[in-house]
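The values are calculated or read from the model by the stated rules, or taken from the named source; none is laboratory data. Quick caveat: nothing in here was measured; it's all calculated off a predicted structure. Positions of Cβ are backbone-derived with ideal geometry, glycine not excepted, and every protein chain shown enters the neighbour counts. Side chains included, ligands, DNA and RNA excluded: accessible areas come from the protein's heavy atoms. Shrake-Rupley method; radii C 1.70, N 1.55, O 1.52, S 1.80 Å.
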Amino acid sequence: MSEEALQAAGIDSYLEYEAKQQPSWPDPDALARATERLRQVPPLVFAGEADVLREHLAAAGRGEAFVLQGGDCAEIFAEATADRIRNKIKTILQMAVVLTYGASTPVVKIGRMAGQYAKPRSSDSETRDGVTLPAYRGDIVNSFAFTEESRVPNPERLLDAYHVSASTLNLIRAFTTGGFADLRRVHQWNKGFAANPAYARYDQMASEIDRAVRFMEAAGGEFDALRTVEMFSSHEALLLDYERSLTRIDSRSGLPYDCSAHLLWIGERTRQLDGAHVEFMSKIHNPIAVKLGPTSTAADAIALAERLNPENVQGRLTFVARMGADKVRDVLPSIVEGVRDSGVFVTWLTDPMHGNTFTSDSGFKTRRFDTILDEVTGFFEVHRELGTVPGGLHVELTGDDVTEVIGGAEEIDDQGLAFRYETKVDPRLNHQQSLEMAFLVAELLSQRD
Ligand code: PEP
Ligand code: MN
């Protein structure tokens with residue numbers, strides 16, 4: 001019944017288009033068994049929740065809220081532990097507190113979590129010491145260890161991805177609605193971290209919030225809104241077999257929604273107008289985002305908006321600019337201006353991570369904290385100049401004390417990277433760098449209007 005409605009909605013039209021960055025599954029029958037099973041499982045999110053997020057994204061696009069989207073470059077199944085998930089949620093919530101309080105703006109919180117398992121790669125294979133194996137494409141496809149067995153794409157991992165997403169999302173829902181995220185515990189979220197400038201600043205802000213909350217309580221204020229936090233899930237909708245299999249018909253509207261996450265995005269490498277990803281995403285009704293790199297033009301952006309949001313619904317389409325700090329001030333203005341002048345409504349986010357990656361002298365893939373911040377600053381400058389809205393921030397972060405990004409108040413340097421470099425793909429801000437970034441962005445944001 002639902003499958004018939006999906007067919008009637010033309011959900012499989014993407015199969016006629018070229019899909020980049022898909023694995024070569026060695027066993028088509030095993031793939032069919034996995035996707036068949038995924039078509040039967042309960043949805044991870046509800047269409048109604050995705051609709052709420054669309055409204056929030058619309059508000060951010062109008063300058064009435066600010067989006068904070070953060071999480072791992074690539075989530076790893078084995079790292080979906082209570083401690084790591086809690087630390088990541090805590091980091092996002094702490095950043096959100098800093099932004100909300102520092103800039104008096106509602107913050108829309110979105111995790112790059114509970115589904116961020118598929119990665120685009122520059123090459124299909126990897127060679128080490130004369131041995132060539134399939135590239136690691138994320139835990140949903142294969143595993144990182146450099147052996148034949150672990151690198152062969154295994155469709156059973158699609159089901160694992162679903163189950164790990166479900167347990168991660170369960171913990172997100174428990175942490176954000178079960179009392180942990182109560183604003184009156186804002187001090188506790190900082191416990192267990194060594195003293196450093198970002199934490200001291202956070203503690204001071206937490207004291208001010210405490211005082212404000214106590215004052216409001218004494219004055220008889222109602223506090224239900226402070227007890228729970230709304231947090232949404234998102235990931236790159238890269239692996240189309242997975243996304244299609246988790247698409248369901250919303251019983252209220254009769255429309256298809258990809259129920260693997262609230263927000264899905266198309267990456268820089270798969271945003272071709274005549275590609276399968278754009279076609280598939282044009283058929284689902286979630287809010288969606290598209291990454292735009294430095295080779296994008298205003299014409300590309302407008303054409304994408306026409307394909308993905310023909311009715312110009314506010315909040316349906318977000319563009320995530322990832323230009324690089326050295327290019328954002330040159331490349332972004334004409335795109336934002338073109339989009340503005342065409343009358344297309346989009347919510348603009350900055351991803352200051354992906355245009356600023358390089359290999360350090362010691363051989364680590366890294367980014368500099370200052371460069372990341374410079375791109376955010378450039379993004380705000382461009383919007384200020386054009387009278388448009390800088391609507392949010394998209395970052396790769398972890399709640400743990402890793403050493404993957406150079407700089408920040410703890411002054412991680414090239415030598416320091418080796419100390420605790422854990423990412424399997426891109427370098428992430430650690431907990432304290434994330435907080436530091438939030439304070440700096442709060443300053444930019446409070447000057448927004
Ligand atoms: C990512 O977000 O991890 C990523 C691959 O980004 P982009 O598509 O912008 O390169
Ligand atoms: Mn990344």
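Could you work out the relative contact order of the chain? I mean the mean sequence separation of Cα pairs under 8 Å and 6+ apart, divided by the number of residues, in percent.
22
For K20, list the lysines whose Cα falls under 28 Å from its own Cα; do not include residues on the same chain fewer than 8 positions away.
In chain and number order, the partners are K119, K283, K291, K327, K365, K424.
Using the Cα gyration tensor of segment 214-349, with a ≥ b ≥ c the square roots of its eigenvalues, what is the shape: rounded (a/c below 1.5), prolate (a/b larger than b/c) or oblate (neither)?
Details: a/c = 2.11, a/b = 1.31, b/c = 1.61.
Oblate, because a/c is 1.5 or more while a/b does not exceed b/c.
Using only the alpha carbons of segment 1-53, what is the convex hull's orientation-averaged projected area in square nanometres?
Directional mean of the projected Cα hull area for segment 1-53 stands at 5.5 nm².
Using 0.36 nm times the number of residues separating D401 and E230, minus their current alpha carbon distance, what extension gain do you get?
59.0 nm
Over the Cα atoms of segment 151-225, Rg to Rh with Kirkwood Rh, two decimal places?
1.22
Which far-off residues, 5 or more places away or on another chain, put their amide H under 5 Å from the one on C259, with H placed in the peptide plane?
Here the answer is T247, R248, since their amide H atoms fall under 5 Å of that of C259.
What is the Cα centroid distance between segment 126-185 and segment 246-283, reported in whole angstrom?
Segment 126-185 and segment 246-283 have Cα centres separated by 21 Å.
Rounded, prolate or oblate: pick one for the chain, where a ≥ b ≥ c are the square roots of the eigenvalues of its C-alpha gyration tensor, a/c under 1.5 means rounded, and failing that, prolate if a/b is larger than b/c, else oblate.
Since a/c stays below 1.5, the shape of the chain is classed as rounded.
Can you compute the FRET efficiency between E18 and S122 using 1/(1 + (r/R0)^6), with r the Cβ-Cβ distance and R0 = 22 Å? Round to the nearest 0.05.
Efficiency at R0 = 22 Å is approximately 0.80.
First measure r as the distance between the Cβ atoms of K365 and R211, then evaluate 1/(1 + (r/R0)^6) with R0 = 45 Å and state the FRET efficiency to the nearest 0.05.
Values: r = 43 Å, r/R0 = 0.96.
Calculated transfer efficiency: 0.55.
Just the number please: accessible area per residue for segment 356-449, 1.4 Å probe, all protein chains included, in Å².
Solvent-accessible surface per residue comes out at 38 Å².
For F144 and A218, what is the calculated FRET efficiency with R₀ set at 56 Å and r taken between the beta-carbons, to the nearest 0.05?
With a Förster radius of 56 Å, E is 0.55.
What full-extension length gain, to one decimal in nm, is calculated for E381 and D274 as 0.36 nm per residue of separation minus the Cα-Cα distance?
Net length gain for the segment: 35.2 nm.
Just how many % of Cα pairs in segment 304-449 lie over 22 Å apart, if you round to the nearest whole percent? If you can, show how the numbers build up before the last one.
On the way: 4555 of 10585 pairs.
Taking all Cα-Cα pairs of segment 304-449, the fraction more than 22 Å apart is 43 percent.
What number comes out for the charge environment of V131, summing +1 per Lys or Arg and -1 per Asp or Glu over other residues with Cβ under 14 Å away? Can you show the working numbers first?
Values: positive: R128, R151; negative: E126, D129, E148, E149.
Local charge sum for V131: -2.
Using alpha carbons only, how many angstrom separate the centre of segment 415-433 from the centre of segment 309-350?
30
Given Cβ point charges of +1 (Lys, Arg) and -1 (Asp, Glu) and nothing else, what value in debye, to the nearest 20, does the dipole of the chain about its Cα centre take?
Roughly 720 debye for the chain.
Which of rounded, prolate or oblate describes segment 195-271 when judged by the alpha-carbon gyration tensor and an a/c cut-off of 1.5?
Here segment 195-271 falls in the oblate category.
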